[in-house]
Amino acid sequence: MALHDLGGDGPPLLLTHATGFCGPVWRPIASRLADQFHCWAPDLRGHGQAETPEGLDYRWRGFADDVLAVVDHLRTTVGDVPLVAAGHSKGGAALLLAEQRRPGTFARLYCFEPVVFPGDPIDPDDTGASGTGGGNHLAEGALRRRATFGSADEAYANFASKPPLNVLHPDALRAYVDGGFREEADGSVTLRCRPVDESQVYRMGAQHGAFAHLGDVAIPVTIATGARDPVGPAAFAPHIAEALPLAELRVFDHLGHFGPLEDPDAVAADLLRVLGP
């Protein structure tokens, strides 16, 4: 893995990214929290600068392993202080899985639309974007993703001009392009998260079974969700909050699933409200 020191003054705050993204996409939010937190953001396996062998097992317990490895490393840097963390989508699920694996790892969590499907684990070959069957559209779409552009600016212009990433704040989109692509010798850029790997991450997303163990998460957790995308993770955010012993549900009417990357001001302010000293 790679661990990005996003700077700031104060206690450590761990920030975990969604599928297909990378740690630096949190930089706009980290800059808004710099007076209160020292922010750290890993590139989890298969993403960003993480060195990932081909054919790696992408069952999501591995992302929990990654989170716990980062926590252990941070302990050597910041000492035995209470850790708080925020995660987006897969990143939120990874935090919950890590806390289930090792209770007491975190003092508090903030999860924006964590991918934690209610009910029993779902066959990876029979889950769509909402986890209700009919084929894994996200996994299939990832395989068709364009992986190479003539330059970083070309990649930025492409994403900024059409869905789904045209909703991202310009700073977040730039951070994604800068951190999520590798520059080649000829000036072209290539996705660091290989489409085949991203596809496998999506395929495994409904299999980790974290929902059945949410009752074991004994720390305060804020489950945040947008209201603009009524299906997918937003649809089951209320069920996740209800299953957690100490949960608060926060709804942002103007945001979709990319919420932390769409409005860093709003999400950073909410993080301070929840996690601030």
Legend entry - helices (runs of 4 or more DSSP H) completely within region 1-114 that count 2 or more residues being at pLDDT below 95 and polar (S, T, N, Q): 61-78
Legend entry - Criterion violated by VAL267 - all others in (1) surrounded by fewer than 17 Cβ atoms within 10 Å (Cβ to Cβ); (2) within 17 Å of the chain's Cα centre (by Cα); (3) modelled with pLDDT of 95 or more satisfied: (1)
Inset, instruction - Could you please find all residues in region 217-251 being closer than 17 Å to ARG273 by Cα and open to solvent by less than 10 Å² (accessible area, probe 1.4 Å)? - result: VAL221, THR222, ILE223, ALA224, THR225
Inset, instruction - Working only within region 26-54, note down all residues that are open to solvent by 10 Å² or more (accessible area, probe 1.4 Å) and either of a type in the set (A, V, I, L, M) or more than 24 Å from GLY259 (Cβ to Cβ) (or both). - result: ALA34, GLN49, ALA50, GLU51, THR52, PRO53, GLU54
Legend entry - Flag for SER130 being more than 30 Å from VAL71 (Cβ to Cβ), open to solvent by less than 80 Å² (accessible area, probe 1.4 Å) and modelled with pLDDT under 95: yes
Inset, instruction - State all residues of region 55-76 that are open to solvent by 50 Å² or more (accessible area, probe 1.4 Å) and without any contact (Cβ under 8 Å) to a residue 60 or more places away in the chain; if no residue qualifies, say none. - result: GLY55, ASP57, ASP65, ASP72, ARG75, THR76
Inset, instruction - Might you check whether a residue that is closer than 30 Å to PRO118 by Cα and not in a helix (DSSP H, G or I) occurs anywhere in region 151-163? - result: yes
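The values are calculated or read from the model by the stated rules, or taken from the named source; none is laboratory data. This is a predicted model, so every value here is computed, not measured. Because the Cβ atoms are built from the backbone with ideal geometry, glycine has one as well, and the counts that use them run over all protein chains shown. Ligands, DNA and RNA are excluded from the accessible area calculation, which covers all protein heavy atoms including side chains. Shrake-Rupley method; radii C 1.70, N 1.55, O 1.52, S 1.80 Å.
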